[in-house]
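*Asks:* Pasting a structure here, questions to come.
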Amino acid sequence: MSSKERPTLGGTRIKTRKRNIAAPLDPAAFADAVVQIYLDNAGDLELVAKSIESADLNFSRYGDTFFEVVFTGGRTQPGTTKPDEGERHPYSIIDCEPTREIILPSVIYTQKILRRKPFLIKNLENVMRRFLQSLELFEENERKKLAIFTALAFSQKLSGLPPETVFQPLLKDNLVAKGIVLSFITDFFKEYLVDNSLDDLISILKRGKMEENLMDFFPSAKRSAEGFSEHFSKEGLIPLVEYNEKKIFEVKLKEMKSALTTQIAEEADMSEVIDTVKQRVKDAKLPDIEIVRILWDVLMDAVQWSGKNQQQNANSALRQVKTWAQLLNTFCTNGKLELELLYKVQMQCYEDAKLMKLFPEIVRSLYDQDVLAEDTILHWFRKGTNPKGRQTFVKALEPFVNWLEEAEEEE
């Protein structure tokens, strides 16, 4: 062999790496196969589920197509809800009667499929999101079926279906403006509350980031507290109306407390603070008892406490009472409100260790500033109904009450 020739190995085959060749997409054939399973089993979902489980079909690739068949009876055109070419079956959710009894088996069937093929949950989300974003393309009666299915899906705790998949796609401006979303969500609420509590519904709304934004389901012309109450009262959803009114009430209280806290911290003029409270009471229609509670909370929250120095704490609290006595006096206009203030003082002194021993001094200060009347204090002492720390406070207040009674006898 010449020194310039390269040695070779006779008979050796050099292997080349195979390329991954993707099989062409064929959703139509997949859809036809699933439809045929429905037809072969005459829509019996128990049998359909068993046949689906044993079928040699590529569900991981055609998951969206599978749920199109479940919901509409066949394949839909890309990006729409319109039927595409191919076989169809009459046992879909859209084709059935709009009642829970008829639709519930489809929910249970879907749950079985998801338990065996959990990866399909994403495909269910995709299809539901697409359908909910296109609700205007469905007939009213078909939208109701989708609402019932969705409510039952959450009621049955359908594997892994997140609430945001349902609620967020609904917030398209055109759907909301036409009232389609309000109609859908009303059907959803009514159906879900058949088997579940209002707390369960609120939990779902929280997870779907909608609890604070229920008004977003309403067209702009009806987006008000009155519109909310009127609509859902008419639909028989009184617990939801009461819940919303409570939420609105809490927001108004929070806003008022925030405004007062700022004014107290800035040492605003007394008349300005009183005017603020009066205006908010008028605008928000807040009950007098809540006003008294808020005023005391705000005043005590603004006190600069000094840690463990009991005397400084006492001086700070009493100075705050004296400074803002006129504010308290303006809104403690009768014995009932005075008693409510006294109960509020009792509860705060019971719950806050640094105030425990200040109870008699605070009561005496409120009396001296004409915020609490003698009759109110005596009524609390003799007949008070709040048991929290009562024995301790009654004993602590006894010398002052004895003084009041002696003064009364002298008169």
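*Asks:* From the residues in region 105-124 that are free of Cβ contacts under 8 Å to residues at least 60 places away in the same chain, open to solvent by 20 Å² or more (accessible area, probe 1.4 Å) and not hydrophobic (A, V, I, L, M, F, W, C), which one is farthest from Thr65 (Cα to Cα)?
*Replies:* Selected residue: Arg115.
*Asks:* Let me ask you something else. Residues to consider are Pro98, Pro90; find the one that is in contact with a helix residue (DSSP H, G or I) (Cβ under 8 Å, 6 or more places away or on another chain), part of a loop (DSSP other than H, G, I, E, B) and not aromatic (Phe, Trp, Tyr).
*Replies:* Only one candidate qualifies: Pro98.
*Asks:* Of (1) within 21 Å of Leu299 (Cβ to Cβ); (2) part of a helix (DSSP H, G or I); (3) open to solvent by 80 Å² or more (accessible area, probe 1.4 Å), Asp370 satisfies all except one. Which?
*Replies:* The single condition Asp370 does not satisfy is (2).
*Asks:* Pick from region 199-218 the residues that are open to solvent by 40 Å² or more (accessible area, probe 1.4 Å) and not basic (Lys, Arg): which of them is nearest to Glu101 (Cα to Cα)?
*Replies:* For region 199-218, the residue satisfying everything is Asp200.
*Asks:* If you check Ala153, Ala221, which single one turns out to be small (Gly, Ala, Ser), assigned to a helix (DSSP H, G or I) and open to solvent by 70 Å² or more (accessible area, probe 1.4 Å)?
*Replies:* Being small (Gly, Ala, Ser), assigned to a helix (DSSP H, G or I) and open to solvent by 70 Å² or more (accessible area, probe 1.4 Å) holds for just one of Ala153, Ala221, which is Ala221.
*Asks:* Mind checking which residues of region 263-280 are open to solvent by less than 70 Å² (accessible area, probe 1.4 Å) and free of Cβ contacts under 8 Å to residues at least 24 places away in the same chain?
*Replies:* Gln263, Ala268, Ser271, Thr276
*Asks:* For region 225-240: of the residues being part of a loop (DSSP other than H, G, I, E, B) and out of contact with any Ser or Thr (no Cβ under 7 Å at 6 or more places or on another chain), which is nearest to Leu205 (Cα to Cα)?
*Replies:* Filtering first and then ranking leaves Leu237.
*Asks:* Filter region 292-348 for residues that are crowded, with 20+ Cβ neighbours inside 10 Å and among the β-branched types (Val, Ile, Thr) and give the result.
*Replies:* Within region 292-348, Val292, Ile294, Val298, Val321, Val345 meet the criteria.
The values are calculated or read from the model by the stated rules, or taken from the named source; none is laboratory data. The structure presented is a predicted model; accordingly, all values stated were derived computationally and were not measured. Here the Cβ is made from the backbone with ideal geometry for all residues, glycine too, and neighbour counts use every protein chain on show. With ligands, DNA and RNA removed, areas are computed over all heavy atoms of the protein, side chains included. Shrake-Rupley method; radii C 1.70, N 1.55, O 1.52, S 1.80 Å.
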